Structure formats: C-alpha cells, structure tokens
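Everything on this sheet refers to the single structure shown next.
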Amino acid sequence: MLMNQMETFLVTSPANRIFQRCVEAPMLRRLGGRTPGARALEIGCGSGYGTKLIIDQFGAATVDAVDLDPAMVTRARHRLRRYNDQVRVEQGSADDLQAALGAADASYDAVFDFGIIHHVINWRDAVAEVSRVLRPRGRFYYLEVSAAALARPSYRRLLDHPTKDRFTAGQFLAELTAHGLEPADSWRTYIGSDYLAGVAQRS
C-alpha cells in the first residue's frame, strides 16, 4: 500500500537520507559485505536515495528499482539521472516483479529492501518474489519494521500500514527460510524488537 503524506515526508527528508547513508547502509555492509559488479534490485525505492547508495557504497554495477507510487518513481528518476544506463526505475509492486520489471527467475545478484515489505499487504508474496529473482548464492539485504513497532500508538496515529498479517522478526525470518533464503547468523533486532536488519543468501 502507498505511504501516507506524513510517512512520505519522513522518508524523503534530509534527516532520513543522513540516517540511510550513515547508519543503515553501513550496518548492512557489516552484516553482508559489499556487492562489487553486481546486478542489483531495490524494491520500494522511494525517491531513489537507497538506489544511489547501492551503487556508491555497495559497488553494484547496475540497479533496477521499483516503487508502487508513480510520484516516487518520477522523483527517483530525477535523482538518479546522472547514473544513465546503470539504473532503471519502474512503477510496480514488490509482490509482482515480473509485471513491474519483467524480472526473470534467478536474474539478480542482490536484492535490497530498505523497509518496504511491511507495507506490502501480501508480504509473503514479496518474499517469494525476492527468492525467485535471486541467483543461487545471491544475497537479500533487508531492514524491516516488525509488528511490535506497527502496534505502537505513534505508528497507528501518524502512519498507514496493513492491519492484518503483520510479522514479528521470527515470522519474517521463518518466511525467508521457507523460500530458500538462509538468514545469516549475524541478523539483529534493534530498538527492542521493533526493527530487524540482516542478510539472507539464496540456496
């Protein structure tokens, strides 16, 4: 589902870009390493800043990026215009990457999720799609928001999220495993159990 106006403001803010650059991306690099020369995919690319980091900090050669919100796709294309043939941004849903990108089976070396799967009503289908498009031994980098965080009054009052079938950290990791994505032992939760970060490898 689309983000509401408040969350759109928050995730496109300079503060969030600093947090992504200085905290989230370095955390994922520590957990799973860089991806030099990789063909990468970002699901839920928003305004494109995460896509930029996948190239600049992780070393991916190319990135395909998808977002459900047409306005975000426009913003991402504008932000990433200097990357020319390295980046492709399309409108579509993380739970149907064939429709969004024409993504074939086993076509990416790495997939990145900077906190989008908890927005997907059919989140289990999104996990299945990540597994489908990853090559054997490809890596899935994820930063996610758990049911514990979404149940907090601040989240309920200010932000819109699916109200059914939310996942705990354990449920998310179990779904990864069910689809052949083996979470590394280095995965972690932070701010209590509100958020989880890690890397899983496709078998």
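Filter the stretch 1-48 for residues that are of a type in the set (Val, Ile, Thr) and out of contact with any strand residue (DSSP E or B) (no Cβ under 6 Å at 6 or more places or on another chain); which is farthest from ASP165 (Cα to Cα)? Step through it out loud before you land on a result.
Pass one, the stretch 1-48, residues of a type in the set (Val, Ile, Thr): 8, 11-12, 18, 23, 35, 43.
Filter once more, so that each one left must be out of contact with any strand residue (DSSP E or B) (no Cβ under 6 Å at 6 or more places or on another chain): 8, 11-12, 18, 23.
Details: THR8: 23, VAL11: 23, THR12: 27, ILE18: 31, VAL23: 28 Å.
Checked the stretch 1-48; the qualifying residue farthest from ASP165 (Cα to Cα) is ILE18.
So, PHE58, is that one modelled with pLDDT under 95, on the phi < 0 side of the Ramachandran plot and either assigned to a helix (DSSP H, G or I) or hydrophobic (A, V, I, L, M, F, W, C) (or both) or not? Lay out the reasoning, then the answer.
Values: modelled with pLDDT under 95: no; on the phi < 0 side of the Ramachandran plot: yes; either assigned to a helix (DSSP H, G or I) or hydrophobic (A, V, I, L, M, F, W, C) (or both): yes.
No.
For the stretch 111-119, check the following and say yes or no: at least one residue is of a type in the set (A, V, I, L, M, F, W, C), modelled with pLDDT of 95 or more, assigned to a helix (DSSP H, G or I) and under 15 Å from the mean Cα position of the chain (by Cα).
Initial filter on the stretch 111-119 (of a type in the set (A, V, I, L, M, F, W, C)): 111-112, 114, 116-117.
From what's left, modelled with pLDDT of 95 or more: 111-112, 114, 116-117.
Add one more test, that the residue is assigned to a helix (DSSP H, G or I), and what stays is 117.
Now drop any that are not under 15 Å from the mean Cα position of the chain (by Cα), which leaves 117.
Yes, some residue in the stretch 111-119 is of a type in the set (A, V, I, L, M, F, W, C), modelled with pLDDT of 95 or more, assigned to a helix (DSSP H, G or I) and under 15 Å from the mean Cα position of the chain (by Cα).
Among the residues in the stretch 67-84, are any part of a strand (DSSP E or B) and either more than 27 Å from VAL23 (Cα to Cα) or not aromatic (Phe, Trp, Tyr) (or both)? Yes, there is a match, as at least one residue in the stretch 67-84 is part of a strand (DSSP E or B) and either more than 27 Å from VAL23 (Cα to Cα) or not aromatic (Phe, Trp, Tyr) (or both).
Could you go through the stretch 150-158 and let me know if any residue there is basic (Lys, Arg), under 26 Å from MET3 (Cα atoms) and surrounded by 17 or more Cβ atoms within 10 Å (Cβ to Cβ). There is no residue in the stretch 150-158 that is basic (Lys, Arg), under 26 Å from MET3 (Cα atoms) and surrounded by 17 or more Cβ atoms within 10 Å (Cβ to Cβ). Would you confirm whether or not the stretch 118-131 contains a residue that is surrounded by fewer than 19 Cβ atoms within 10 Å (Cβ to Cβ) and in contact with a helix residue (DSSP H, G or I) (Cβ under 8 Å, 6 or more places away or on another chain)? Yes, that holds for at least one residue.
Restricting to strands (runs of 3 or more DSSP E) lying wholly in the stretch 127-198: which have 1 or more residues that are over 30 Å from GLY37 (Cβ atoms)?
Hits in the stretch 127-198: 134-145, 188-190.
The values are calculated or read from the model by the stated rules, or taken from the named source; none is laboratory data. Treat the numbers as computed from the prediction; the structure is a model and nothing was measured. Quick reminder, even Gly has a Cβ in these numbers, built from the backbone with ideal geometry, and neighbours come from all protein chains shown.
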